[in-house]
1. Between L419 and D209, how many nm apart are label points set 7 Å from Cα along the C-beta direction?
2. Based on the Cβ-Cβ distance of Q303 and D187, what FRET efficiency does E = 1/(1 + (r/R0)^6) give at R0 = 41 Å, to the nearest 0.05?
3. Relative contact order of the stretch 146-185: what whole-number percent is it, with Cα pairs under 8 angstrom and at least 6 residues apart?
4. Quick one: length gained pulling A346 to T27 fully straight, 0.36 nm per residue minus the C-alpha distance?
5. Report the label-to-label distance for A411 and K140 in nanometres (one decimal), using points 7 Å from each Cα along the Cα→Cβ vector.
6. For T3, enumerate residues with amide H under 5 Å from its amide H, sequence gap 5+ or separate chain, H modeled in the peptide plane.
7. If the convex hull of the alpha-carbon atoms of the stretch 301-417 is projected onto planes in all directions, what is the mean projected area in square nanometres?
8. Determine the alpha carbon to alpha carbon distance for each of K140/K301; K301/K339; K280/K351; K79/K195; K280/K315; K339/K368 and list only those over 27 Å.
Amino acid sequence: MKTVVVREYARLTTDNVASTLDQATITPSAFDWLCNLAAGFGKGGATLLQIESRRWLRLDNHVGVVETPCGTLLEILPKHTEQAEEETAARSRALLIRMLEAALDLPVRNADRADIATFHHPLLEWVMRQFVLALDHQVKRGLRFDYRRMEEEQRFLRGQLDVVKQMRQPPGRAHIFHIRHDLFLPDRPENRLLKSALMRVCSSTRQPDTWRLAHELAGLLAEIPECKDTQADFRQWRHDRLMAHYQPVRPWCELVLGQHMPLTVRGATHGISLLFPMEKLFERYVEAGLRRQLPPPYSLKAQARSAFLCEHEGKGMFQLRPDFLVQWGCENFLLMDAKWKLISIADRENKYGLSQQDFYQLFAYGHKYLNGTGNMLLIYPQTAELPEPLGPFVFSDVDKLLLWVVPFDLANGRLEWPLEAGFSQLLTTVAKQADRFHG
């Protein structure tokens, strides 16, 4: 299997070029397969890549792992810096792992995991390793069995005799009994999903330790059948008290079986493939960091939907959905929107790389959710070009509607707040929460 490691917006070609994180060579069959996959994305309203010519294509903002039918494993990492030196791949992979843990709320087993800083295997191997570790812990705790009603014909009596069917037996089959009985079996939706995910890991992993543990578990789960309808079995996954010990392994099972992938990709990839829109992944990562930073009495509401841009015939039209809304009691206190984009405070000629469309969007949010008065934050990933907050951008001198461009520390998962008077009370509360957390 050939592994190609690139990052967002990299260019792929069939020609022989020097491989870096921003360009790489793939086989013609992988090139054609990616073009067909991109066509499927386009039908679903998403964009995976752009075809520049017959020999070049450019990736978009999806990250993760895709395995082509010809055996090419394409690993796409986040582009969190303009530099593309060799050691950036390890740092980008470590960043992606941290973001996935926070965004998808993955329960990582810290006692058994390799240190992220020294983990140099592809993302897919890390996911499979975490799944088999979680499944091994689940098997040691015990699998959930259930009674299953069986109706069959036998030459002996067992359980209940089906009197109606027995009375209809012809004379020559009077010695055959119609019986009903219950069997205590592990054949239930949760176990079938775990077995299916395990078999995919057995056929996909290339790491000796993961391969060995996966095949040991496959022997223990040999009597459990694989699921035939993955989505139906996930809908039947129970969350009651008796199934609480199954919850840590479910997120890993969903990753291996592709339930976190975009709908247009499911069933179209070969092997185990993981693809995530980087914009959505960054939003979830920022949300996890903000919930950790904001203590009471402040509350965070994600994807607020209470305001519309206008009304027509008494009904709201064009719903406004800011990424985050900080509330203090019953009042809207602060509005925030996250954007996965690299900007530079030194690029004044190009307005720091900021988008006019984003400012129009925040302008509408501020008037509908903050009544035209207050502070708004536009959140970008922190880089050497954006080390500290930038602003304020004044929309109205009369009503004091202000917008701040602030960086989000990707390494620590923390927001860099503006050190201004309007945030003094919030910053004091956040600082006290941080002292309690570190203390």
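1. In this crude spin-label approximation the distance works out to 4.3 nm.
2. It comes to 0.60.
3. Computed value for the stretch 146-185: 63 percent relative contact order.
4. Length gained, A346 through T27: 110.8 nm.
5. My value for the distance between the label points is 3.4 nm.
6. Here L73 satisfy the definition.
7. Averaged projected hull area, Cα only: 8.3 nm².
8. In this structure, K140/K301; K79/K195; K280/K315 exceed 27 Å between Cα atoms.
Taken together, the values in this text are just the output of simple stated rules run on the coordinates, not laboratory data. Keep in mind it's a predicted model, so treat the numbers as computed, not measured. No Cβ is skipped: glycine too gets one built from the backbone with ideal geometry, and neighbour counts run over all protein chains shown.
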